[in-house]
Amino acid sequence: MDAALADWGPDGGALTIDGQAGLGCRLLHITPEDLHEQQPLREGECLLVAHGRLDNRADLCRDLGITDRGDLPDSALVMAAYRRHGADCVGHLQGDWVFAIWDGAIRRLMLARCATGTASLFWHRDEGGVAFATGVTGLLAMLDSPPALNPERIACLVAGMEDAEEDATVFRDIRLLAPGHVLTATADGIGLRRWWRPEDLPPLHLSDAEEYHRAFRALYATVVSDHLRVGTGSIAATLSGGLDSGSVVALAAPRLAGPQQAGPLRAYVHGPQLETVDCARLIGDEVPQAARLAAHVGNVDLVPLRAPSATIMGGIAQALRVQGMPTHAAGHDYWLADMLAHARADGARVLLTAQGGNATVSLTGKGTLLPLLLSGRVFGVLAALRADESGWLRAIRRRLVAPLSLAVRMRRHPPVKGRSILNPAFWQALAFSPSAPRNFDRRSAFRLGLGGAGRGRAYWMAAGAVHGLDVRDPTRDQRIVEFCWRVPDAIFWANGRQRGLIRCAMADDLPPEVRDQMRKGLQSSDILARIRMQRDEIGAALDAIAGSADASAYLDASAMRRLFDRIIAGANTLADLMQAQMLIRGLSVGYFLYSAQAGNIVPNNSEP
């Protein structure tokens, strides 16, 4: 396991065996305190390994009566919190973290994951005991034989949907510890407990919209500042032309200016190399938008990346090497790998992202006026419609008709995209019926960012670690999620204007071209042209999938070939793009299954 995870920790590490328990850690020095890490950490009969970053060190030290010295690593604070509060220590920790503690006094193993799941932790149980690792590749290395596959998760990956089981992976007996959860293992068995329940928080009542905006802006600035803690090396960021990454860059770049700071914030924006999809409602090339934002913010070194030498199959293979299983968004694997490689080559140690923004800082909101109407407050409905900037007719359609239609549709299961390239016999045997994640309805799970157990963030963490990077997402910070969860829906609709919270709160931070842009950016916008340019490589991958008994058991290779031929002969429309993304998801899963059949679950090369 240690060897399999060596790329995650180039700065050393150690293993400790203590009776029934063996703990290991690979070290990656990012923050100044990381230089003093010595893990596994022993105190009394407790052993601890941890990964991540604590953002409330000062508060923790006051609570624990500890002097915050510069040589005090975060792991020591986690250990002290556990010694003071036991398993409830998780509620006292702010930041991105996972940890494991073996308490020899009570013979208990405790695994814990932070509230929003930015860091990941996988676990496996068999007759020999319980094993865990921050990466699936660590668990695969310890197994004597390839683990059984999870058919439902494989179907969900191809279909682009989430499972009913939020902690599922493609391996039946390997689970992803869900965000905000604690696992305890003793001689009596295993227990799972969800310790973070933001849905129980009371609504936030402030005097007016401006006070919400001021409170959000102040909190967001603090959170971004907390995410800038780094020792040696620089801080970089991903950037698009949108509100989420733009707001992170707008808050981070000024804090890095000045003679005592790190200098310009290097911001990477992915743009198309080839012809883009033709769609007036979407932005195919976000480089110009990103340039306007960089000029407005200042202290930003904008780096456009076109990934000219990256290939779709190469990106898929790289993702499988890093994560040991297919990703949830395989159509982006090629440019993500290119961006991470550039960031590391440029000396970055921290990469800021904003993957969670759609569910938090730039949440659209429901905008529905149905509750007002059903409660008989007709004048309130009329006042809201009159104030709506989109006009009466559009406001009626969006805020009354559309919510009513959604309520009717939610009574039925949503259609399953991607079914056409699944093996019909497999589909029928599976009797697949997607349902909501446990504990939440779909809308709440999205708004909390808990849908999918943070699988996407698990991949960002793994891919960043093997490049020597700590990938951080301020829009997924626990404080931001809780604030946005408590904000009334009306604040996300500023006089009928969607994403009103961030547009109003950061009106001066963002240029009008970004702040007021209603079109969304389209990632991988030249994917159709790339498929056509790389047709030989993709065709060879399809041949390999068709010749693999394991892959063909799940996928309809003939349907995938017909879809491929249609894309090659098709146009550059949004409908063609959706078909292409479905094909690439199938390629990712098919290549994984083909590699598994060959006895090589984690491919060692980039050839299909």
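All of the numbers you see were taken from the coordinates with simple rules; none came from a lab. All values derive from a computational prediction rather than experimental measurement. Cβ sites come from the backbone with ideal geometry, for glycine too, and all protein chains shown count toward neighbours.
Annotations
- Fraction of beta bridges assigned by DSSP in the chain that are antiparallel (%, nearest 5): 70 percent
- Going from the fewest other Cβ atoms within 10 Å to the most, the residues Asp473, Asp208 appear in the order Asp208, Asp473.
- Cα→Cβ-extended label distance, 7 Å offset, between Arg172 and Ala6, nm: 3.3 nm
- With R₀ fixed at 51 Å, the C-beta to C-beta distance from Thr232 to Ser558 puts the FRET efficiency at about 0.45.
- Binned Cα-Cα distance frequencies in region 1-95 - 5 Å width, integer %: 2, 13, 24, 23, 20, 13, 5, 1
- Whole-angstrom gap from region 108-151 to region 204-258, using each part's C-alpha centre: 34 Å
- Max-minus-min Cα coordinates of the chain on each principal axis give 71, 62, 52 Å, with the largest extent listed first.
- Footprinting exposure proxy for Phe379, Phe122 (fewest neighbouring C-beta atoms within 10 Å first): Phe379, Phe122
- Region 202-317 - Kirkwood radius from inverse mean 1/r over Cα pairs (Å): 16.5 Å
- With all pairs of different C-alpha atoms in the average, the Kirkwood value for the hydrodynamic radius of region 276-360 is 15.1 Å.
- Residues Val130, Val481, Val297 in ascending order of nearby Cβ atoms (within 10 Å, fewest first): Val130, Val297, Val481.
- Among the trypsin sites (Lys or Arg not before Pro) in region 49-149, those placed in a DSSP loop whose Cβ has at most 16 other Cβ atoms within 10 Å are Arg69, Arg107.
- Kirkwood-based Rg to Rh ratio, region 461-608, C-alpha trace: 1.11
- Sorted largest first, the principal axis extents computed over the alpha-carbon atoms of region 252-302 equal 46, 18, 12 Å.
- From phi via Karplus (6.51, -1.76, 1.60), per-residue ³J(HN,Hα) for region 32-43 in Hz, x at Gly/Pro: x, 5, 4, 4, 9, 5, 9, 10, x, 9, 10, 9
- Residues with amide H under 5 Å from that of Ala115, placed H, sequence gap 5 or more: Gly180
- Calculated over region 6-199, the projected area of the Cα convex hull averaged across directions stands at 12.1 nm².
- About its Cα centre, the dipole of the chain is roughly 2080 debye, where the only charges are +1 on Lys and Arg Cβ and -1 on Asp and Glu Cβ.
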